[in-house]
1. Go through Thr56, Val34, Ile66 and say which Cα lies farthest out towards the positive end of the charge dipole of the range 15-68; charges sit on Cβ, +1 for Lys and Arg, -1 for Asp and Glu.
2. Bin by bin, in steps of 10 Å, what percent of the Cα pairs in the chain do you find, going until the bin that has the longest distance?
3. By how many degrees, between 0 and 90 and to the nearest 10, does the Cα long axis of helix 38-62 differ from the longest principal axis of the chain?
4. Note down the relative contact order for the range 6-62 as a percent, whole number, built from C-alpha pairs under 8 angstrom at least six residues apart.
5. Out of the GluC sites (Glu not before Pro) in the chain, which ones are loop residues according to DSSP with at most 15 other C-beta atoms within 10 Å?
6. Figure the gain on full extension for Ala25 and Arg47 (residue separation times 0.36 nm, minus the Cα-Cα span) and round it to one decimal in nm.
7. Order these by the 10 Å Cβ neighbour count, fewest first: Ile14, Ile66, Ile55.
Amino acid sequence: MMMSSPEDIKRRIIELEVEHRDLDAVIDTLTHDVRHEELQLRRLKKRKLQLKDHITLLKMQLIPDIPA
């Protein structure tokens, strides 16, 4: 997904970083709960990694191309 302006990209990065932090808090809470479901925890961790990858790709779009 290509976004048109750097402002749109930065806004999306912030949204994804907030979701990433929220997932981190949920994962931390679940790991301390002895009744947590392992499958749910794995899915949350996978989503967190997907968010991190997406954030990285968006940040790369903000870096201007340098001619070789």
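The numbers here are math on the coordinates, done by the rules we state, and not lab data. Bear in mind that the values here come from a model prediction, so they are computed numbers and not experimental data. FYI the Cβ positions are ideal-geometry reconstructions off the backbone, even for glycines, and counts take in every protein chain you see.
1. Val34
2. Spelled out per bin, shortest first, that is 19, 39, 24, 14, 4, 1.
3. Taking Cα atoms only, the helix is inclined about 10 degrees.
4. Working: 28 pairs, mean separation 32.6, N = 57.
Here the relative contact order equals 57 percent.
5. Working: sites: Glu7, Glu15, Glu17, Glu19, Glu37, Glu38; in loops: Glu37.
Taking the chain and a limit of 15 other Cβ atoms within 10 Å, the loop GluC sites (Glu not before Pro) found are Glu37.
6. So the chain would gain 6.6 nm between Ala25 and Arg47.
7. Details: Ile14 11, Ile66 5, Ile55 18.
The order, fewest Cβ neighbours first, is Ile66, Ile14, Ile55.
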